[in-house]
Amino acid sequence: MAFDGRLLDGVSVLASVVESGSFTRAGEILGLSPSGVSRSVSRLEERIGVRLLDRSTRSLRLTSEGERLYELAAPHLLGIEEAANLTAGTLGQVRGTLRASVNPIFARNVLAPRLPEFSQRYPGLQLTLIQHPDAGDLIADGIDVAIRFGPQSGSTMSSRLLLETRVLTVASPAYLTSRGRPGTPGDLEKHECLEFVDPQRGRPFEWEFRRDAQAVAVKNHGRFTFTDVDTMITACLAGTGIAQVLAFGVERHMADGSLVELFPDWPDETFPLYAVRPSRRLAPAKTEAFLEFCIEISKAAAT
């Protein structure tokens, strides 16, 4: 079979379908209509003479022949992308527009103060920062990369751990004066606890305490539930109740005494921050540049 660009195009489209999970999402990545994606895959099937995808109204699934083609072709597609990115890098062509969904805590405390440095380093790159909850469909939202707290699902996304921050249980001096200080995590059942909703699961986080090999789960309760961390912290500062917060982002309140850590002898509960992309394939040069910058400033923030 003679090789031509149409074969490479077809395999690239198939890979996008596999990695995004649908014709619609693949089309959004490639700038094609869903029907255009479907036609491209059909032409590839006709060209090589085998069925690659089993299609139904609800799902897409690779046939055994499709799985073999994808497994064999994917490393070569990555190699082509890597060669293109390296070439662009040697020419200093980190440019274009990048849409990044950035957790507001990271955006406010780490990224925003370093943006002048980013601008100087990559003058040809335009950055649009979008503050969405740490959930949602990156492809459907047109996001190139996201900075998110919390464990990330495997699927076809690519993720890099940026840092891990301690989870602190805190209260204001005013609350402790009126209600007393809990001596152990178990005492929290007698206190007003401020709940914060996990955006990935749609329900409040469970409270857990760790030290060494010990792990203690606490069934706390409270009248107030929040979906915005700043509002919860403001309520905690006002003496409304006890909250669990990330050490990353409340340093000022801890330093000036407006928040008090209740259980410093339980120091091992942590929460991860990830950089996430909607594909496991090699990142474009502009995305890789942003990722490397976030890794760099995260290391500085963690020290």
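What follows is calculated from the coordinates using simple rules that are stated; it is not laboratory data. This structure is a prediction, so every number in the text was calculated from the model and none was measured. All Cβ positions, even for glycine, are placed from backbone atoms using ideal geometry, and neighbour counts span all protein chains on display.
For the pair Arg39 and Gln126, the difference between a 0.36 nm per residue extended length and the Cα-Cα distance amounts to 28.0 nm.
Kindly provide the GluC sites (Glu not before Pro) of the stretch 201-303 that DSSP labels as loop, not H, G, I, E or B, and whose Cβ sees at most 13 other Cβ atoms within 10 Å.
Numbers: sites: Glu206, Glu208, Glu251, Glu261, Glu269, Glu288, Glu292, Glu296; in loops: Glu206, Glu269.
Taking the stretch 201-303 and a limit of 13 other Cβ atoms within 10 Å, the loop GluC sites (Glu not before Pro) found are Glu206.
Annotation: lysines with alpha-carbon distance below 26 angstrom to Lys299 (same-chain offsets under eight excluded): Lys286. Note on Arg114/Asp228: beta-carbon distance plugged into 1/(1 + (r/R0)^6) with R0 of 25 Å gives a FRET efficiency of 0.55. Amide H contacts of Val102 (H built 1.01 Å from N, in plane; Pro and chain starts excluded): Ile130, Gln131, His132, Ile147 sit under 5 Å, all sequence-distant by 5 or more or on other chains. Near the amide H of Leu53, within less than 5 Å, lie the amide hydrogens of Thr63, all on another chain or at least 5 residues away, with H placed in the peptide plane. Note on the stretch 164-271: dipole from Cβ charges, positive end direction compared against Val167, Thr177, Cys236; the farthest Cα belongs to Thr177. With the simple spin-label model, which puts each label point 7 Å out from Cα in the Cβ direction, the Glu189 to Arg252 separation comes to 3.8 nm. Taking amide H as placed 1.01 Å from N in the peptide plane, the amide H of Trp207 sits under 5 Å from that of Val218, Asn220, each at least 5 places away or on another chain.
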